[in-house]
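Everything below concerns the one structure shown next.
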Amino acid sequence: MVKELLHYYFELKGLQSDMLTWNHMALKDNPPRFYRLQIIDSYIRALNLGSVSNFHRFEFIKASNYTKEKLVSIIKTSGSITSENDIDDYIKQHSSLKYPSIEENEAKGLRTLKITKNFAHGDGWKTFLLCLGARLLIEAESIHDFKSIYNGYLAADLPILTVMDIHENFVNRLELDNPVYDLLEYIINPSGINYTQNELKEYFDYPDINLDEIDLDFI
């Protein structure tokens, strides 16, 4: 389900890069975009991710839902990430693993988003998961053959340097046997939730449409 969610998420992002306009009223006159957003909403509800806005910023992450042991078991590296201690050492060594304040972001010229109350400042493990998720989403977007748009939206509440450093120290050392999607699957859907498309239609308002035909009709 995560792959399908990301597929439509990246498609809509390629069509409508300003995610502040991702709402049904704004897209109602553009069926290809409208129905993609409806599909995304369906997956987000099914996966208990809250909302599209929550998904953008990984606000659905609860550190207690994840284990370092499971994360290490998914990561297949050509480097030295072989144990939970590697993650612990990384977190200890990086004082930037904390949420920057809105003032700090503004000082760096970043477009800021309000930090929600459930974001626990200074929680290294949770921040590591947030930064890793943000970095992996950028990688997955590149894999999806869309130009990555790193415009501050994904990282507005995340330490930019840490997100990039995670790329060098973790993501860049992953073997290319689909670990990006495997890791995103765990971060986005740690409980392994799965529904058929018919169940999505019945319970989560997945649109019963032929998107290819809609795309062709709109051209």
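Observations
- Filtering segment 200-219 to residues that are in a helix (DSSP H, G or I) and either on the phi > 0 side of the Ramachandran plot or under 26 Å from the mean Cα position of the chain (by Cα) (or both) leaves LEU200, LYS201, GLU202, TYR203, LEU211, ASP212, ASP215.
- The set of residues in segment 3-40 that are among the aliphatic types (A, V, I, L, M) and surrounded by fewer than 20 Cβ atoms within 10 Å (Cβ to Cβ) comprises LEU15, MET19, LEU20, MET25, ALA26.
- Helices (runs of 4 or more DSSP H) contained in segment 1-92 and holding at least 3 residues modelled with pLDDT of 90 or more: 2-15, 24-27, 31-46
- Any hit, segment 41-64, residues being closer than 18 Å to ILE187 by Cβ, of a type in the set (Val, Ile, Thr) and surrounded by fewer than 16 Cβ atoms within 10 Å (Cβ to Cβ): no
- Residue in segment 183-193 that is assigned by TED's automatic domain parsing to the domain that holds CYS131, more than 22 Å from HIS56 (Cβ to Cβ) and outside any loop (DSSP other than H, G, I, E, B) present: no
- Taking the listed residues LEU27, LEU47, LEU15, the one that is out of contact with any strand residue (DSSP E or B) (no Cβ under 8 Å at 6 or more places or on another chain) and in contact (Cβ under 8 Å) with a residue 24 or more places away in the chain is LEU47, with no other qualifying.
- Qualifying residue in segment 104-121 (condition: charged (D, E, K, R), assigned to a helix (DSSP H, G or I), more than 19 Å from GLU185 (Cβ to Cβ) and at pLDDT 55 or above): no
- If only residues of segment 21-60 that are touching a Gly at 6+ places or on another chain (Cβ under 9 Å) and among the aromatic types (Phe, Trp, Tyr) are counted, the one that is nearest to TYR195 (Cα to Cα) is PHE60.
- THR127, sole failed condition from (1) under 29 Å from ASP18 (Cβ atoms); (2) at pLDDT 55 or above; (3) touching an Asp or Glu at 6+ places or on another chain (Cβ under 9 Å): (3)
The values are calculated or read from the model by the stated rules, or taken from the named source; none is laboratory data. Just so we're clear, the structure is a prediction, and the values are computed from it rather than from any experiment. Using ideal geometry, Cβ is built from the backbone for each residue, glycine included, and neighbour counts are taken over all protein chains shown.
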